[in-house]
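Just so it is clear, none of the values below were taken in a lab; they were calculated from the coordinates. Bear in mind that the values here come from a model prediction, so they are computed numbers and not experimental data. We place every Cβ from the backbone using ideal geometry, glycine too, and count neighbours over all the protein chains shown.
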Amino acid sequence: MLGLKLPTDPRWVNIAEKNIKEILIDHAFCEQKAASTAISFIVQYPERSELVTAMGELVQEEIAHFKMVHQEILKRGWVLGKERPDPYVRDLQAFFKKGVGKEQHLINKLLIAALIEARSCERFRVLSENITDKDLAQFYRKLMVSEANHYTMFLGFARKYGDREKVDEIWQDLLDYEAEVMKNYGKKEFIHG
């Protein structure tokens, strides 16, 4: 369903489980960045009423997810700590050339957002099916469903605002690129790492 070309190695769960504090902190910041991304769509594309409405709802959902993850952190007696960069997202953004027009920038940004949500969904599935902490397994199963919905929403908007055939071609190229990028990840205690 997600179209990812390189699945996460299930052994990543071993790394995640041994470093659950780091996973939860990284996850909290991923949710915060997702809310910020939704806000940036509103700011950059206010004339796209349907997108603005959807992003307004997404901001609320992502902040609610942030709060849920933060509660998991607090429940364990930890603190959020400092924000971490997300090299995976930086690597994905390198796929697209700078200096394209506003419309193509919108399509590119929507495709990147769709891919990030797809990979997050896939990682949450891997966690929910393999982690020994049953509460966290259930927690990640719920979030997995949300990420799948976000993925399809972003991809749907890209297809709506661009030429469907061209968008699908770019999407396939981006999925191939992401598979190459992912060969460098899966060895650290990050949601995308």
Worksheet entry | Residues located in the stretch 136-169, provided they are within 20 Å of residue 26 (Cβ to Cβ), crowded, with 17+ Cβ neighbours inside 10 Å and free of Cβ contacts under 8 Å to residues at least 24 places away in the same chain | 140, 144
Worksheet item: Can you name the residue in the stretch 1-40 that is at negative phi and of a type in the set (Gly, Ala, Ser) and is also surrounded by the fewest Cβ atoms within 10 Å (Cβ to Cβ) among such residues?
Response: 36
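How many of the residues making up the stretch 111-135 are polar (S, T, N, Q), in a helix (DSSP H, G or I), touching a residue at least 24 places away in the same chain (Cβ under 8 Å) and surrounded by fewer than 23 Cβ atoms within 10 Å (Cβ to Cβ)? Before you say what the answer is, go through the steps one by one.
Restricting attention to the stretch 111-135, the residues satisfying the condition of being polar (S, T, N, Q) are 120, 128, 130, 132.
Pick out the ones that are also in a helix (DSSP H, G or I) and you get 120, 128, 130.
Those still in the list that are touching a residue at least 24 places away in the same chain (Cβ under 8 Å) too: 120, 130.
Among the residues that remain, those that are also surrounded by fewer than 23 Cβ atoms within 10 Å (Cβ to Cβ) are: 130.
Count: 1.
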Practice prompt. State which residue is nearest to residue 175 (Cα to Cα) when the search covers only the stretch 61-70 and only residues that are without any contact (Cβ under 8 Å) to a residue 40 or more places away in the chain and within 16 Å of the chain's Cα centre (by Cα).
Written response: 62
Discussion item. If I filter the stretch 147-161 for residues that are within 26 Å of residue 14 (Cα to Cα) and among the aliphatic types (A, V, I, L, M), do I get at least one hit?
Written reply: yes
Item to complete: Kindly provide the set of residues from the stretch 71-110 that are part of a loop (DSSP other than H, G, I, E, B) and touching a residue at least 12 places away in the same chain (Cβ under 8 Å), ordered by number.
Response: 76, 78, 80, 81, 83, 84, 86, 95, 96
Item to complete: Would you point out the residue of the stretch 136-193, among those that are of a type in the set (Gly, Ala, Ser) and not in a helix (DSSP H, G or I), that is nearest to residue 35 (Cα to Cα)?
Response: 193
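Residue by residue, here is whether (1) in contact with a strand residue (DSSP E or B) (Cβ under 6 Å, 6 or more places away or on another chain); (2) aliphatic (A, V, I, L, M); (3) closer than 24 Å to residue 160 by Cα holds:
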{"site": "18", "(1), (2), (3)": "no, no, no"}
{"site": "25", "(1), (2), (3)": "no, yes, no"}
{"site": "28", "(1), (2), (3)": "no, yes, no"}
{"site": "52", "(1), (2), (3)": "no, yes, yes"}
{"site": "56", "(1), (2), (3)": "no, no, yes"}
{"site": "91", "(1), (2), (3)": "no, no, no"}
{"site": "99", "(1), (2), (3)": "no, no, yes"}
{"site": "107", "(1), (2), (3)": "no, yes, yes"}
Item to complete: Quickly run through the stretch 170-187 and pick out the residues that are loosely packed, with under 14 Cβ neighbours inside 10 Å and among the acidic types (Asp, Glu).
Response: 173, 176, 180
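Yes or no: the stretch 80-103 includes at least one residue that is among the hydroxyl-bearing types (Ser, Thr, Tyr) and within 19 Å of the chain's Cα centre (by Cα).
Step one: of the stretch 80-103, the residues among the hydroxyl-bearing types (Ser, Thr, Tyr) are 88.
So of that shortlist, the ones also within 19 Å of the chain's Cα centre (by Cα) come out as 88.
So far as the stretch 80-103 goes, yes, one or more of its residues are among the hydroxyl-bearing types (Ser, Thr, Tyr) and within 19 Å of the chain's Cα centre (by Cα).
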Worksheet, complete the sentence: Across the stretch 41-56, the tally of residues that are in a helix (DSSP H, G or I) and either in contact with a Phe, Trp or Tyr (Cβ under 9 Å, 6 or more places away or on another chain) or surrounded by 12 or more Cβ atoms within 10 Å (Cβ to Cβ) (or both) stands at 9
